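In what follows, a structure is listed as structure tokens, so that the remarks can point back to it.
The values are calculated or read from the model by the stated rules, or taken from the named source; none is laboratory data. Keep in mind that what you see is a predicted model, and the values were worked out from it rather than measured. We place every Cβ from the backbone using ideal geometry, glycine too, and count neighbours over all the protein chains shown. Quick note on the areas: whole protein, heavy atoms, side chains included, nothing else; ligands and nucleic acids left out. Shrake-Rupley method; radii C 1.70, N 1.55, O 1.52, S 1.80 Å.
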Amino acid sequence: MKLEMVLSISEMTIFLLLTGLGTVANVSVFVNYICTFMGSGEKSIHLILIHLAFTNITMLFSKGVQTPITALGLRHFLGDVGCHIIVYLERVARGLSICTSSLLTVVQAIIMSPRTSWWGRLRLRSVECVLLSLLFFWILNSLISMNLLYSIRNRGTNILQQSKNNKYCYIKKESQKVNNMFLALMVLRDAVFQSAMGGASGYMVLLLHKHHQHVLYLQNSKLLYRTPPELRAAQSVLLLMLCFLFFYLADCAVSLYLSFSLKNDSLTMHLQQFLTLGYAILSPFILIHRDGHLAECWHAQ
């Protein structure tokens, strides 16, 4: 019993530390990009990064609030209404993270592509198109997660309910057809946006390779050449996408293992919680490291 208590406190401490650091970093990115967006002209890429930081904050809050409540044994702290809110926000934020990351990759690919190309002729880079896209993402993910509003319950209201995925809130089994329909929509959403992300990332890698060959030619010709900011931004976006894919695929693999596992593996369940929040915690630090302006603001703060 004492060992379980020590492990629970240790888990809560580590979890709160990571979520706290991630929240502070995301708030810093959110505020600084708002200042940049308002002060130096409207840039669609800044608007997307602002939304990504806000999505990360929502994810950290909705997922992070459950662990300390469980560790402290506050079974009736939120009730059914609280479980509806935090689990619904978590699911919506997860979907928004996928959609926003995909949009970030596509828009960055459009920005760095030649204007004469097919990518360059797309008008998705405008602020109005980005705002409409983000609004569509909110509507889409809110509808896809609607089934949770009818199936989420607080564990404290029925202590006999068992769940592998969550200690505080559980999902009450409803119609299997309804669950399969919403699951199919989620899989379709992930497949579409992951495909768009992969295509845009591959296109950016091709452009970066061409740029690298051009730089080598200029160096051999003893000519000076500065790397355009669009290409430096593309490198940062690609780094973000690699981070996203790592945590997304790892989370999917662990979730599948838990779904087919016949025993409750507490260590794997704890690992899944960290993987779920990994991108939200790490991505702002990548932006701070890669963006010189943000790095200066971070050190000043």
Review point. Is segment 165-177 home to any residue that is at pLDDT 75 or above, assigned to a helix (DSSP H, G or I) and of a type outside the set (Ser, Thr, Tyr)?
Key: yes
Log entry, pairs with first residue in segment 221-247 being open to solvent by 20 Å² or more (accessible area, probe 1.4 Å), second being at pLDDT below 60, beta carbons closer than 7 Å, six or more apart or on different chains, reads Tyr225/Val215; Tyr225/Leu218
In segment 52-66, residues that are open to solvent by 20 Å² or more (accessible area, probe 1.4 Å) and part of a helix (DSSP H, G or I) total 5
Of a type in the set (A, V, I, L, M), surrounded by fewer than 20 Cβ atoms within 10 Å (Cβ to Cβ), modelled with pLDDT under 90 and within 28 Å of Leu149 (Cα to Cα): does that describe Leu3?
-> no
Taking segment 238-287 and keeping only residues that are modelled with pLDDT under 85 and of a type in the set (A, V, I, L, M), one is left with Leu256, Leu258, Leu262, Leu267, Met269, Leu271
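Can you pull out every residue in segment 209-225 that is charged (D, E, K, R) and modelled with pLDDT under 55?
Across segment 209-225, the qualifying residue is only Lys222.
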Residue pairs qualifying under the 6 Å Cβ cut-off, at least six apart or on distinct chains, with the first in segment 94-120 being within 10 Å of Phe193 (Cβ to Cβ) and the second being among the small types (Gly, Ala, Ser) and at pLDDT below 90, are Thr105/Ala200; Thr105/Ser201; Val106/Ala200
Asp291 meets each of (1) modelled with pLDDT under 80; (2) surrounded by fewer than 13 Cβ atoms within 10 Å (Cβ to Cβ) with one exception, condition (2)
